[in-house]
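Here is the structure we will look at.
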Amino acid sequence: MTPQELQAARDRIVPDVIAGGLSVLFCGINPGLMSAATGHHFARPGNRFWPVLHRSGFTPRQLRPSEQDELLAYGLGITNVVARASARADELSDEEFREGGRQLALKVERLRPRWLAVAGITAYRTAFDDPKARVGPQDRVIGDTRVWALPNPSGLNAHWTLETMAEEFARLREAAQGDQG
């Protein structure tokens with residue numbers, strides 16, 4: 001990317017894929033530059049969100065980032081803690097995370113998904129001032145919405161393999177399906 005293209009990507013907002021009453025609203029940390037350039041969530045080729053979503057049983061096939069709007073038909077959506085695009089999440093300040101957490105809580109109160117799934121435990125801890133949080137279901141609720149912290153699907157997160165990430169996402173899927181029964 002040229003410096004001008006890079007700045008344009010940083011300034012672009014990736015639109016949410018949302019609706020009221022979703023089963024699960026997935027929440028990324030913030031858009032990467034590829035996502036900002038394309039307007040699609042989790043667009044970087046090394047990001048494991050789309051393969052994990054499929055392997056965990058949330059979608060019947062692996063969607064491409066450009067097919068993100070199809071998530072709504074499955075009762076799923078995507079937003080971000082912080083709207084500002086960056087090359088890496090560590091470029092964001094703690095205050096941006098805290099303000100993002102406040103804005104996210106307002107969005108969740110308005111849309112009322114059954115589950116909010118934050119994909120990035122460190123982002124969750126900072127945004128919601130919960131330094132001891134672990135991956136999995138949280139005690140926190142936002143209105144009637146329960147919260148689950150997921151591992152960050154970035155290819156940079158080497159602590160989690162595709163398989164172990166899919167297992168954690170599947171635990172969330174099973175919990176969300178259990179809510180429907």
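The values are calculated or read from the model by the stated rules, or taken from the named source; none is laboratory data. Computed from a predicted structure; not experimentally measured. All Cβ positions, glycine included, derive from the backbone under ideal geometry; neighbour counts span all protein chains shown. When the accessible area is computed, the model is the full protein with side chains, heavy atoms only, and any ligands, DNA or RNA have been set aside. Shrake-Rupley method; radii C 1.70, N 1.55, O 1.52, S 1.80 Å.
Would you mind stating whether ALA117 is touching a residue at least 12 places away in the same chain (Cβ under 8 Å) and either under 20 Å from ASP179 (Cα atoms) or open to solvent by 10 Å² or more (accessible area, probe 1.4 Å) (or both)? Considered against the rule, which asks whether it is touching a residue at least 12 places away in the same chain (Cβ under 8 Å) and either under 20 Å from ASP179 (Cα atoms) or open to solvent by 10 Å² or more (accessible area, probe 1.4 Å) (or both), ALA117 comes out as yes.
Of all residues in segment 5-18, those that are open to solvent by 90 Å² or more (accessible area, probe 1.4 Å) have Cβ atoms under 7 Å from Cβ atoms of residues that are outside any helix (DSSP H, G or I) and modelled with pLDDT of 65 or more, 6 or more apart or on another chain, in ARG12/ALA85; ILE13/ALA83. PRO137 passes every criterion in (1) more than 22 Å from HIS41 (Cβ to Cβ); (2) over 16 Å from the mean Cα position of the chain (by Cα) apart from (2).
Of the residues making up segment 142-174, those that are touching a strand residue (DSSP E or B) at 6+ places or on another chain (Cβ under 7 Å) and aliphatic (A, V, I, L, M) are ILE142, VAL147, ALA149, LEU150, LEU172.
Of the residues making up segment 123-140, those that are basic (Lys, Arg) and open to solvent by less than 10 Å² (accessible area, probe 1.4 Å) number 0.
Does segment 135-154 include one or more residues that are modelled with pLDDT of 95 or more and part of a helix (DSSP H, G or I)? Checked against the condition, which is being modelled with pLDDT of 95 or more and part of a helix (DSSP H, G or I), segment 135-154 yields no hits at all. If a residue has to be surrounded by 16 or more Cβ atoms within 10 Å (Cβ to Cβ), out of contact with any Ser or Thr (no Cβ under 9 Å at 6 or more places or on another chain) and not hydrophobic (A, V, I, L, M, F, W, C) to count, how many in segment 141-181 make the cut? Number satisfying all stated conditions: 5.
Tallying residues that are at pLDDT below 80 and among the hydroxyl-bearing types (Ser, Thr, Tyr) within segment 1-46 yields 1. Only residues that are assigned to a helix (DSSP H, G or I), small (Gly, Ala, Ser), open to solvent by less than 30 Å² (accessible area, probe 1.4 Å) and within 22 Å of LEU116 (Cβ to Cβ) were counted across segment 26-83, and they come to 1. Scanning segment 95-138 for residues that are of a type in the set (Gly, Ala, Ser) and closer than 19 Å to LEU156 by Cα turns up ALA119, GLY120, ALA123. Name the residue that is farthest from GLU168 (Cα to Cα), counting only residues in segment 84-98 that are in a helix (DSSP H, G or I) and free of Cβ contacts under 8 Å to residues at least 12 places away in the same chain. Result: GLU95. Select from segment 113-128 the residues that are in a helix (DSSP H, G or I) and either of a type in the set (D, E, K, R) or within 17 Å of ARG48 (Cα to Cα) (or both) and list them in ascending order. Once the filter is applied, which keeps residues that are in a helix (DSSP H, G or I) and either of a type in the set (D, E, K, R) or within 17 Å of ARG48 (Cα to Cα) (or both), segment 113-128 yields ILE121, ARG125.
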